[in-house]
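Shown next, in structure tokens, is the structure this report addresses.
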Amino acid sequence: MALTFPLPMPIEKIRLSDFNLAEYMATNMLGGGQTQVRSLAQRRWRAVMTTPPVSEADAQKWEAWRDAQRGGLRNARLYNPARAYPVAYRQAAIDAGGFVPMVKAGGGAFTGAAVVSSLATYAIGLSGLPIGFLIGAGDLVGLIGGDGKYALHRIVEDAVGDGAGLATVAVEAEVLTNLFNVGSPGVTATFVKPSCLMTFETGTWSANRDAGGPQPISFSMIQALY
């Protein structure tokens, strides 16, 4: 059977070291007291991942997953395991396996997916939410394009779904409105395991199998911006 890319992680149980936006800036201190800051590249998500000690059987799965990326020629789809759901519902969603039994404002079960009603550089308009749906600063939301593109954004201000199930959330990093727009077919937002596409950082894979017994695997990846 042919593999379908982007590949998700082979095993969801993972011990996270760091999953944050990497900044690419140069700072120049001037004699007059001014500070110049120059952006060198777009911010992107960087993940430093460490598994729990894994058996040889699970280590094989991780190694096969790594090899299938062909050294970064392909991208993997990663999400932050610690932020798989909004904080207000996180434990309940983990226990129930989703947003059960939440209902959208217009009726029908809420699965964590929302309709994208508007997009701006630092804002995402959403519809199809439950009434009073709580969105907290620091929660993550993902954009999914019908053409296989994924984007991940951190919400930076609390928001609440109104009586019609609408909300606009302020986000970082920048929304790539040249790639995601309301007119694009199949563009949706999700609050369930929001993810982005990432590629391996060279030389970061570590999998010591010589110590005997289960050992952790660690690696780091950086977001691929199309």
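The values are calculated or read from the model by the stated rules, or taken from the named source; none is laboratory data. Only a predicted model underlies this, so the values are computations on that prediction, with no experimental measurement involved. Using ideal geometry, Cβ is built from the backbone for each residue, glycine included, and neighbour counts are taken over all protein chains shown. Areas reflect the complete protein model, heavy atoms only, side chains present, ligands, DNA and RNA absent. Shrake-Rupley method; radii C 1.70, N 1.55, O 1.52, S 1.80 Å.
Entry note, the chain: the mean residue ellipticity at 222 nm calculated from DSSP H runs of n ≥ 4, each adding -39500 (n - 2.57), is -2500 deg cm²/dmol after division by the residues and rounding to the nearest 500. Over the range 60-100, the Kirkwood radius and the radius of gyration, each from Cα atoms, give a ratio Rg/Rh of 1.20.
Of the heavy-atom accessible surface of the chain (probe 1.4 angstrom), what whole percent is carbon and sulfur?
Working: 6100 of 11520 Å².
Taking all protein chains in place, the chain shows 53 percent carbon and sulfur surface.
For the range 1-67, the dipole from Cβ point charges (+1 on Lys and Arg, -1 on Asp and Glu) about the Cα centre works out to 320 debye, to the nearest 20.
Given +1 on the Cβ of Lys and Arg, -1 on the Cβ of Asp and Glu, and no further charges, what dipole in debye does the chain carry about its Cα centre, rounded to the nearest 20?
280
Other residues within the sphere of radius under 14 Å centred on the Cβ of Asp67, judged by their own Cβ, net out at +3 (K and R +1, D and E -1).
Across Ile144, Ile131, Ile155, mean-square fluctuation computed from a Gaussian network of the chain (C-alpha pairs under 10 Å connected) peaks at Ile131.
Annotation: the antiparallel percentage among DSSP beta bridges lying fully within the chain is about 95.
Rounded to the nearest 20, the Cβ-based charge dipole of the range 108-183 about its Cα centre (Lys and Arg +1, Asp and Glu -1) stands at 180 debye.
Gain on full extension, evaluated as 0.36 nm per residue between Asn178 and Ala64 minus their Cα-Cα distance, stands at 37.6 nm. By the rule of a C-alpha distance below 14 Å, with chain neighbours fewer than 8 residues away ignored, the aspartates and glutamates paired with Lys13 are Asp58. Structural descriptor for the chain: relative contact order 23 percent, calculated from alpha carbon pairs under 8 angstrom and at least 6 residues apart.
By the equivalent-ellipsoid construction on the alpha carbon gyration tensor, the chain comes out with semi-axes of 31, 26, 17 Å, ordered largest to smallest.
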